[in-house]
Amino acid sequence: MTATPTRSIILRTTIPGPRSRELLERRAAAVPNGLYKAHQIAIESASGALVTDVDGNTFIDFVGGIGVLNAGHCPPSVVAAIQEQAAKLIHFSALVGTYEPYIALCERLNALAPISGPCKTILSNSGAEGVENAIKIARAATGRQAIIAFEGAYHGRTLLTLTLTSKYTFKKTFGPFAPEVYRAPFPAAYRMGVSEEEAVERCWEAFERILVAHVGPEAIAAVIIEPVQGEGGFIPTPREFMRRLRDFCTRNGSILIADEVQCGFGRTGTLFAMEQMAVEPDILVSAKSIAAGMPLAATTGRAAIMDKAHIGGIGGTYGGNPLACVAALEVVRMFDDGELLRRAKQIGAIVRERGAIWLRDIPLVGNVRGLGAMLAIELVKDRATRAPAADEVLEVVQYCAEHGVLTMRAGLYANCIRLLMPLVITDDQLHEGLDVLEEALHVVAQQKGGGHG
Ligand SMILES: Cc1ncc(COP(=O)(O)O)c(C=O)c1O
């Protein structure tokens, strides 16, 4: 006899409930409108893959704090490490002196980074800061200024990282942007409507043209790329494209920076997605899931490169705060036995299996892709034209929330639903959440008249 699945979703009110609405009103009055929110709910607590709002509704979380909670919400060992550290030392500043958690974490990251030879790591507070450090160090190490970044890239919202970011809706009124950033097309095969091989060839031709038309190779300090584009729509960089970039950087004396802020820390089934790319970066940026929600980023790279920034040139008041460091040390320990990585692959396989059915049955679903448990479902109005179905994505996201599952959109055209469930999610929770998502896709597809097959 098969066991009845345990149900996790508990909805006590319509969504949003009355207390959520109250807080939303206070937010509207106290916080600038520019701070986007995917959901109209206010959260009270969370554990594992479940979150409970202020009205007592419990949701299955497929967003994981935007890829921050691979190790789950409030893992007990992380909570204990933070509590113990908080009673001893909350802040000192690595600019003032040294404390062991900072050093111990850098040692572990240097050993774990998919970069051969000696590495060094500098810690900071956010993914954007980690990327800024990578760019500054690359410029210092090469004595060059130009950076090549890709279409669809997301590297953060500080002015330099917003320059590197390519989605215009994030940028709109905030220019002028930093100079010496050049944009190359990214081999997004599905969007381009060609095979992956063809996408690589076309984008490589464009990359080489940039070196003639826009910036000389001798000026290029670094090429920065997400091994799996996150905000751009969860598109894995084709290995052949990464190999060519590596080869270009090696021949040209440029630095290859892998931005693993969203795709790192176990999400793709290996600790770093670069482990699946067959080539090494020179610098790797990690953040988000590194510390289970404590603000932390790490910029790890070849020691000879990392040491090129002048003394006093990098760092900040809080970077590598002791609480964040002990949380990260505990997260790293949680990944040590390989169980969470295996689980990421399993989750990926389960979602892909469901995704294949959606692709077969629901014309609104144009593409299901990703790496490991970093998966997105791309919605299109018409499979032949691949016209992005952005409004439909919002409707699916809203339907899911109203039925107890939190999801979030992504994609250059905002027409993807990204799945970033904590890797500690149980099979029952995963299937319960996917059932709701499936129902949402059917309902929205039917409302839109089904599209063309
Ligand atoms: C690939 C990538 N790089 C950088 C960032 C910026 O990180 P943060 O929001 O912590 O500054 C993000 C955030 O989503 C990201 O996905």
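Quick note: the coordinates plus some simple rules give every number you see, no bench work behind them. Because the structure is a prediction, the values reported are computed rather than measured. Here the Cβ positions follow ideal geometry from the backbone for every residue, glycine too, while neighbour counts run over all protein chains shown.
For the stretch 182-198, the Karplus equation 6.51 cos²θ - 1.76 cosθ + 1.60, evaluated at θ = phi - 60°, returns couplings of 10, 10, 10, x, 9, x, 8, 4, 4, 5, 6, x, 9, 6, 4, 4, 5 Hz by residue, with Gly and Pro reported as x. A straight chain from residue 159 to residue 439 at 0.36 nm per residue would run longer than the Cα-Cα distance by 96.8 nm.
Think of the chain as a dipole: +1 on every Lys or Arg Cβ, -1 on every Asp or Glu Cβ, centred on the Cα centre; then among 177, 166, 73, 177 lies furthest on the positive end. Dividing the Cα radius of gyration of the chain by its Kirkwood radius returns 0.96 for Rg/Rh. What FRET efficiency, computed as 1/(1 + (r/R0)^6) with R0 = 45 Å and r the Cβ-Cβ distance, is obtained for residue 35 and residue 352, rounded to the nearest 0.05? Taking R0 as 45 Å, the efficiency between residue 35 and residue 352 is 0.85. Relative contact order, whole percent, for the stretch 76-335 stands at 32, derived from Cα pairs under 8 Å and 6 or more residues apart. For the stretch 76-335, with the dipole built from +1 on Lys and Arg beta-carbon atoms and -1 on Asp and Glu ones, taken about the Cα centre, which of 131, 274, 193 lies farthest toward the positive end? With unit charges placed on the Cβ atoms, the residue in question is 131. Taking the Cα centre of the stretch 129-200 as origin and assigning +1 to Lys and Arg Cβ atoms and -1 to Asp and Glu Cβ atoms, the resulting dipole is close to 380 debye.
Using alpha carbons only, how many angstrom separate the centre of the stretch 315-334 from the centre of the stretch 50-68? The stretch 315-334 and the stretch 50-68 have Cα centres separated by 24 Å. For residue 390 and residue 84, the FRET efficiency from 1/(1 + (r/R0)^6), where r spans their Cβ atoms and R0 equals 56 Å, is about 0.75. Note on the stretch 76-335: Rg/Rh from Cα positions, Kirkwood definition for Rh, rounded to two decimals, is 0.97. Extension gain for residue 310 to residue 202 (0.36 nm times residue separation, less C-alpha to C-alpha distance): 34.9 nm. The label-point distance for residue 3 and residue 103, in a model that sets each label 7 Å from Cα toward Cβ, rounds to 4.6 nm. Each of residue 212 and residue 145 was given a label point 7 Å from its Cα along the Cα-to-Cβ line. The distance between the two points is 2.5 nm. Between the C-alpha center of the stretch 376-453 and that of the stretch 199-230 there is a gap of 32 Å. For the chain, the share of DSSP beta bridges that are antiparallel, to the nearest 5, is 70%.
Compared with the direct C-alpha span, the chain from residue 170 to residue 111 gains 17.7 nm at full extension, assuming 0.36 nm per residue.
Taking amide H atoms as placed 1.01 Å from N in the peptide plane, the amide H of residue 375 lies under 5 Å from those of 419, each 5 or more residues away in sequence or on another chain. According to the Cα-based calculation, Rg over Rh for the stretch 8-79 is 1.00, with Rh computed by the Kirkwood formula. Between residue 342 and residue 10, the modelled labels are 3.2 nm apart [label points 7 Å from Cα along Cα→Cβ]. Scoring 6-14, 128-136, 355-363, 237-245 by mean Cβ neighbours within 10 Å over their residues and listing the highest first yields 128-136, 237-245, 355-363, 6-14.
Counting only DSSP H runs of at least 4 residues, each contributing -39500 (n - 2.57), and dividing by the residue count of the chain, the helix-based mean residue ellipticity at 222 nm comes to -12500 deg cm²/dmol. Only Cα sites of the stretch 35-135 enter the Debye sum here, all with the same form factor; the resulting log10 I(q)/I(0) across q = 0.14, 0.17 1/Å is -0.83, -1.08, listed in q order.
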